[in-house]
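To start, the structure under review is shown below, and the notes come after it.
The values are calculated or read from the model by the stated rules, or taken from the named source; none is laboratory data. Every value quoted in this text rests on a predicted model; they were computed, and no experiment measured them. We place every Cβ from the backbone using ideal geometry, glycine too, and count neighbours over all the protein chains shown.
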Amino acid sequence: MERVFRLGKAAGSLPVAIACMAWLMVLVAACTVAQVWLGNYAAVRLFIDSAFLRWRGMPVLPGGGLTGGVLLVNLISGQAFRLELSRRKAGLWLTHLGLIVLFAGQFVSAAFQKEAQLVLREGRPASYAESLHGTELYVLRAGREIPQANWPFALRVADSGTHPEQGSAPARPWEKIDVVSGTRVLAQATLESGGPAAGLAAEGGPWQVGLRPRRVRLPYSLTLEKFIHQTYPGSDIPKTFASVVSLDNPATGERREVVISMNGPLRYAGRAFYQASFDEDGAVSILQVVKNPGWTLPYAACALIGLGLLLHFATRLRGLA
Amino acid sequence: MKAKVSGLELFSVLAALVLLIPAPAPSPAGFDAGAFARLPVLDEGRLKPVETVARAALLELHGRETIACSGRTLSAVPWLLDALARPEEADRCPLFVIDDPGLLGLMGKPQASRRYFSLQELGPGMMDVVANAQRAQALEPSRRSDFDSAAINLVERVELYQKLKSPQGLAAGVAPEDLPAYVELLLAWRAGDAARFNAAAAKALEAARARDPAGDRRAAWEALFDRAEPFTRGMIAYLAALLLLLLSRLPGREKLRRAAFAAAAAGLIVHTAGLAARMALQGRPPVTNLYSSAVFVGWTAAAAGLWLERRFQDGLGLLCACVVGFSTLIIAHHLAAQGDTMEMMRAVLDSNFWLTTHVVTITLGYGAMFLAAALAHVHVARRFWQPERPADRSLSSMIYGVTCLALFFSFLGTVLGGIWADQSWGRFWGWDPKENGALLIVLWDAVVLHARWGGYLREDGLAVMAVFGGVVTSLSWFGVNMLGIGLHSYGFMQQAAPWLERFVFVELTVMAAGAFVSRGRAARAG
């Protein structure tokens, strides 16, 4: 018991906290500067999401993941073993609790947040969003989509990868697939996400097999009624981007019109819809669809930390003055 | 308790009132240029007085708000009138500043003789500059040399000037039904006919008032605000206070410190009035762009510094208030050369709620960081020149207290920023450079305060760390904008980068000096 206590106290010690925060500063600064060459995604993966910074595959220095993890353990055990529970320290308790909530929120987001894009074309109901990362295979016959249960063959992924992004063109995943019936390989094709489908004559064809961004089906539909794009008079400074959308949910019988604008998302049935961009002069509006069960945690953290720091500094600074 | 107004406070308020009197409208040779100056025109999506357009254009093109031309000093509005109505005159004014030696050489101008050149003097040499600018435009910004940037910059300024003179310039913002009066104005200016000019200006004003009384009133107030130049005058007051404070160090001149406080207080009143006027004119919270963030950082530091001065009365708060107030207003003055300082808010930023909560909070944090750094400089300087004197406890607790405030505002501001990002983009945190900059400030403050709570830092260490806090803040305030990612205002940034480098270098030297002195003391003590 004594040893556990000592260990906890050591893990929660101030020097560990200070060292972690200082090292985190170095990592954050490096991640910021590296974005000039690597772009945001790669720089964050290299410095922040990683457990280690590697040189020739060998872990040499702790990365953001490890440092953040140690800091979190330090925070929790510092609370548990070091800080006494007194009124004088109430502000610190609240602040550190808020930090734990903030970290927890980031963990929940990293683990469970799902992002997708919803492309709305004026007047056409849409009931699925497209995932930004995952892909799925699909089969068409005479232009109609065949549910997977009715496919007369199986599709097996032999190889896959991603064409890197080039300039403004995004990265494109690709898959090399075998069309299989029993143990026989009927055909092979290399498909690119969002690219053309491959024709297949076998098994009572013609069939069409293709690859596309994974679809996230929504049990309701959204229809773009109108896209509003206003600029300030006599200038091209954007004033408003907004989509007027009608929401139709057959399960609840709900039919209503909503306006989704910059800084004004729609939150509905566990998902949030943000105005992301538009195309074709406003005939197409693109929404970012985010499902994040932890989205309220930062708000709670903000309140806790604000209150905690206020309390702590108010008592401290009164003592000083 | 009855509040007594001291003579000093009365003096501050009176001085501030005097400083707030707008400069008279220019009226060369009986021309009522003031009436023209307050005419509302539509520019960059906003109805503003001609005065604002003229000042912004001259500042952007020339780097100053007046121009010396053929023996006279022209203020912005008469210069604009010349550019519009007598372009052959205006084209001979030395408008364009060229500093880059390569560019001067390319145009066949001897170095260091002059910096300002008129459009006419640029002449045929511009062809080579344009060719170089086109080549440089194709390069990525990070790969451009100083020469390249200077060439692009000069071409842009020449284009801006040509556009201003053309029908796509000021004329495009005049209401169509006012165009006859506008043309009449310019013809009268050209002909040198003051009576005709004044009649046309009065007619145009009356028409504008009848059409949109509110817009006209606003434009009139804004023209007054432009001529009152509260931030320039606040800057001068802070500088005067600083000089008085330094003089008060002379033997027998201690009383001057009270005068210095009064001058700084007058500066703060003018500064506050300017901020309030901006907020009222724009209908926005105090910080809406980089320019106003500099004004607000200075205001925060000056207000907190003067508060400290009232409380501790040792001249230190006053010194730091003046230094930070003056330098941030200088920075703001240079940022103003990027264009309209009250530009319309882009859709993504258009939220007074978040501008008030997130942006103001984070900017308060910047102000506190700089104030703490300034106080820390005093500590290091004292240690350096008076090593035997015991450490000043009250100075150290000021640094500590201000750092606590800085952590409070920076932390809250950063989290609020995350929440805003979550509201408008659907993600709380994305490791974007600006977000990282804010996080660095928070982390640094946390490191400093935890080290102090743990007893690892004494007075000297705290001061050295607080100086570095100023470095971190300046890097996250301006440095991240210079990385070339998410950057759209390189003109000033290009010029500012060497200054930022110099600032960082000086601050690192101060830190080294502080650490050196501290170790020397430790050795003697041991």
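Numbers for the structure displayed
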item: Among residues of region A:177-232, those that are of a type in the set (Ser, Thr, Tyr), within 30 Å of residue A:260 (Cβ to Cβ) and away from chain B (no Cβ under 14 Å), counted; result: 4
item: Per-region count, region B:240-297, residues under 20 Å from residue B:320 (Cα atoms) and not in a loop (DSSP other than H, G, I, E, B); result: 30
item: Qualifying residue in region B:461-471 (condition: more than 7 Å from chain A (Cβ to nearest Cβ) and farther than 16 Å from residue B:373 by Cβ); result: no
item: Residues of region B:324-371 classified as in contact with a Leu (Cβ under 7 Å, 6 or more places away or on another chain), within 25 Å of residue B:467 (Cβ to Cβ) and more than 14 Å from chain A (Cβ to nearest Cβ), total; result: 3
item: Qualifying residue in region A:86-105 (condition: under 30 Å from residue A:224 (Cβ atoms) and either touching a helix residue (DSSP H, G or I) at 6+ places or on another chain (Cβ under 8 Å) or of a type outside the set (A, V, I, L, M) (or both)); result: no
item: Test: residue in region B:368-376 that is surrounded by fewer than 24 Cβ atoms within 10 Å (Cβ to Cβ) and out of contact with any strand residue (DSSP E or B) (no Cβ under 6 Å at 6 or more places or on another chain); result: no
item: Residue within region B:31-50 that is under 22 Å from the mean Cα position of the chain (by Cα) and among the small types (Gly, Ala, Ser) present; result: no
item: Number of the condition not met by residue A:240 [criteria: (1) surrounded by 18 or more Cβ atoms within 10 Å (Cβ to Cβ); (2) within 11 Å of another protein chain (Cβ to nearest Cβ); (3) among the polar types (S, T, N, Q)]; result: (1)
item: Every residue from region B:9-31 that is of a type in the set (Ser, Thr, Tyr) and outside any helix (DSSP H, G or I); result: B:27
item: Selection from region B:165-182 of residues that are surrounded by 19 or more Cβ atoms within 10 Å (Cβ to Cβ) and under 15 Å from residue B:203 (Cβ atoms); result: B:174, B:178, B:181, B:182
item: Selection from region A:1-51 of residues that are aliphatic (A, V, I, L, M), modelled with pLDDT of 90 or more and within 17 Å of residue A:106 (Cβ to Cβ); result: A:21, A:24, A:27, A:28
item: All positions within region B:408-437 that are more than 19 Å from residue A:47 (Cα to Cα), in a helix (DSSP H, G or I) and at the interface with chain A (Cβ under 7 Å from one of its Cβ atoms); result: B:408, B:411, B:412, B:415, B:416, B:418, B:419, B:422, B:423, B:424, B:425
item: Considering residues of region B:383-398 that are free of Cβ contacts under 8 Å to residues at least 12 places away in the same chain and not in a loop (DSSP other than H, G, I, E, B) only, the residue surrounded by the most Cβ atoms within 10 Å (Cβ to Cβ); result: B:397
item: From A:151, A:174, residue being in contact with a Ser or Thr (Cβ under 7 Å, 6 or more places away or on another chain) and over 30 Å from residue A:258 (Cβ atoms); result: A:174
item: Checklist (1) under 21 Å from residue B:43 (Cβ atoms); (2) free of Cβ contacts under 8 Å to residues at least 40 places away in the same chain; (3) of a type in the set (A, V, I, L, M) applied to residue B:256, failing item; result: (1)
item: Positions within region A:114-172 being under 29 Å from residue A:225 (Cβ atoms) and within 19 Å of the chain's Cα centre (by Cα), in sequence order; result: A:114, A:115, A:116, A:117, A:118, A:119, A:128, A:129, A:130, A:131, A:132, A:170
item: Residue that is farthest from the chain's Cα centre (by Cα) [pool: residues in region A:272-290 that are in contact (Cβ under 8 Å) with a residue 24 or more places away in the chain and within 10 Å of another protein chain (Cβ to nearest Cβ)]; result: A:275
item: Qualifying residue in region A:68-86 (condition: more than 10 Å from chain B (Cβ to nearest Cβ), under 14 Å from residue B:431 (Cβ atoms) and in contact with a strand residue (DSSP E or B) (Cβ under 8 Å, 6 or more places away or on another chain)); result: no
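To keep it simple, each residue is scored yes or no on (1) at pLDDT 90 or above; (2) assigned by TED's automatic domain parsing to the domain that holds residue A:278; (3) of a type in the set (Ser, Thr, Tyr); (4) out of contact with any Leu (no Cβ under 9 Å at 6 or more places or on another chain).
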residue: A:56; (1), (2), (3), (4): no, no, no, yes
residue: A:61; (1), (2), (3), (4): yes, no, no, no
residue: A:66; (1), (2), (3), (4): yes, no, no, yes
residue: A:92; (1), (2), (3), (4): no, no, no, no
residue: A:97; (1), (2), (3), (4): yes, no, no, no
